[in-house]
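For reference, the structure is listed below as structure tokens.
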Amino acid sequence: MSQVSERGLLVGERRRRICELLRAEGRVTVESLAARFGTSQVTIRADLSTLESNGALTRTHGGALNVPDVDQPLNVKQLQHHAEKLRIAAAAAALIRDGETIILDSGTTTAEIARRIRALDLKSINVITNALNIAALLIDVPSVRLIVPGGILRRESNSLSGPMAEAVLGTLQANRLYLGADGVDPRIGVMTPQPRHFEAGPGR
């Protein structure tokens, strides 16, 4: 995207682009961002302050640095690769058929799929999700029968996990699974930075 076309962006779009620039370059300056987006340095500093409070970057004198690639909160992840997530969601939702049971994992891409489901012309589908934000997106959709396994709340992802959730999911079947992942390894498979939860029993 050229600097000219990046002038006049909406606040959310500008902040997404700042995050993308940080991931690509590792650091940004207030001066260069103000010139790139055609805004004042005061506006850019406000953007950087908001993004820092959300955990998306680290402020420095005159600019910002990228944060290490760890399991970031949803409000940070939703700023990243937004256009790609919309395209994935459109393609994924187009595969869903009446009467199916689907599993929607937690994540920002799967949340976009849930938003697409709201607009689908369906009579009835079952949606299994461990994500509270996705359940909230679908709670008022008449064609959706929601199934939410219990578990331990992970605040970073608004999701329920742990032995209780695994036990319930082990008893369910679905036609489709839409799974979010932080990485894929040819030997290990799908990966996430979140370690497995352990519940302390009596006396521990």
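Some values worked out for this structure:
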read-out: Residues of the range 147-165 satisfying the condition of being over 25 Å from residue 124 (Cα atoms) and either part of a strand (DSSP E or B) or outside the structural domain of residue 96 (by TED's automatic domain parsing) (or both); value: 152, 153, 154, 161
read-out: Test result for residue 124, farther than 18 Å from residue 89 by Cα, at pLDDT 95 or above and polar (S, T, N, Q); value: yes
read-out: Some residue of the range 58-65 being in contact with a Ser or Thr (Cβ under 7 Å, 6 or more places away or on another chain) and either assigned to a helix (DSSP H, G or I) or in contact (Cβ under 8 Å) with a residue 40 or more places away in the chain (or both); value: yes
read-out: Only listed residue being out of contact with any helix residue (DSSP H, G or I) (no Cβ under 9 Å at 6 or more places or on another chain) and basic (Lys, Arg), chosen from 115, 87; value: 87
read-out: Subset tally (residues that are touching a strand residue (DSSP E or B) at 6+ places or on another chain (Cβ under 9 Å), exposed (fewer than 15 other Cβ atoms within 10 Å of the Cβ) and within 17 Å of residue 96 (Cβ to Cβ)) for the range 107-145; value: 3
read-out: Hey, residue 43 surrounded by 17 or more Cβ atoms within 10 Å (Cβ to Cβ), outside the structural domain of residue 112 (by TED's automatic domain parsing), among the polar types (S, T, N, Q) and at pLDDT 90 or above or not; value: no
read-out: Any chance residue 184 is assigned by TED's automatic domain parsing to the domain that holds residue 105, surrounded by 17 or more Cβ atoms within 10 Å (Cβ to Cβ) and more than 16 Å from the chain's Cα centre (by Cα); value: no
read-out: Only one of 145, 118, 97, 154 that is modelled with pLDDT of 85 or more and within 30 Å of residue 16 (Cβ to Cβ); value: 118
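To keep it simple, each residue is scored yes or no on (1) part of a strand (DSSP E or B); (2) on the phi > 0 side of the Ramachandran plot; (3) not hydrophobic (A, V, I, L, M, F, W, C).
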| residue | (1), (2), (3) |
| --- | --- |
| 109 | no, no, yes |
| 135 | no, no, no |
| 141 | no, no, no |
| 145 | yes, no, yes |
| 171 | no, no, yes |
| 174 | no, no, no |
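The values are calculated or read from the model by the stated rules, or taken from the named source; none is laboratory data. What you see is a predicted model, and the numbers here were worked out from it, not measured in a lab. Note that each Cβ is placed from the backbone with ideal geometry, even for glycine, and that neighbours are counted across all protein chains shown.
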